[in-house]
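The values are calculated or read from the model by the stated rules, or taken from the named source; none is laboratory data. Source: prediction; values computed, not measured. Note: ideal-geometry Cβ built from the backbone for every residue, glycine included; neighbour counts use all protein chains shown.
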Amino acid sequence: MDTEKTDNVCNEQVYSDIFKANSKTIYNYIYYKFGNEEKAYDAVQEAFVKLWENCGKVSPTRAKSFVYTVAKNLYLNVIKAEKVRLKYAEKSLKTTHETPEFLLEEEEFGKKLQRALDDLPENQRTTFLLNRIDGKKYAEIAEMEGVSIKAIEKRMHLALKSLREKIDGI
């Protein structure tokens, strides 16, 4: 019975270890999908709350996968509302007052880069950001996404090709 308690997510130490080992990576993963720190933080917190609520049903070896799945599902549940908010924010940015030319050019570049990233399919954008910003290896990204390393290589190739095409015209 003692072994059962230490090999169970309901054990506070086991749960804490799972949280410490995975929360930052899951946060970054969801942040890249949401593009919003607060929403990423909320998704991670809610995913770990659900893990605790289901601790008796999830083995420690499946906990990481469980939390990723819950966090991804939270993302999918709010993506439509997020897209509406982003469109509204984009419109309000276009109505800003005139700025000096160099600031305007810098802002245009930033918008062009953001549009190029936004135009990428979600799986390519996530792969690109996890690799280039977070420094994750293809194998780690493949595990997070539940696909093969070859699929990640293909996503990265397509993302880089698309970004080069859209940003070279600056």
N11 passes all but one of the listed conditions (1) surrounded by 15 or more Cβ atoms within 10 Å (Cβ to Cβ); (2) touching a residue at least 12 places away in the same chain (Cβ under 8 Å); the exception is number (2)
When only residues in the stretch 47-74 that are under 20 Å from E140 (Cα atoms) and β-branched (V, I, T) count, which is farthest from the chain's Cα centre (by Cα)?
T61
Report whether or not N54 is buried (at least 16 other Cβ atoms within 10 Å of the Cβ), of a type in the set (S, T, N, Q) and either at pLDDT 70 or above or in the same structural domain as N22 (by TED's automatic domain parsing) (or both).
no
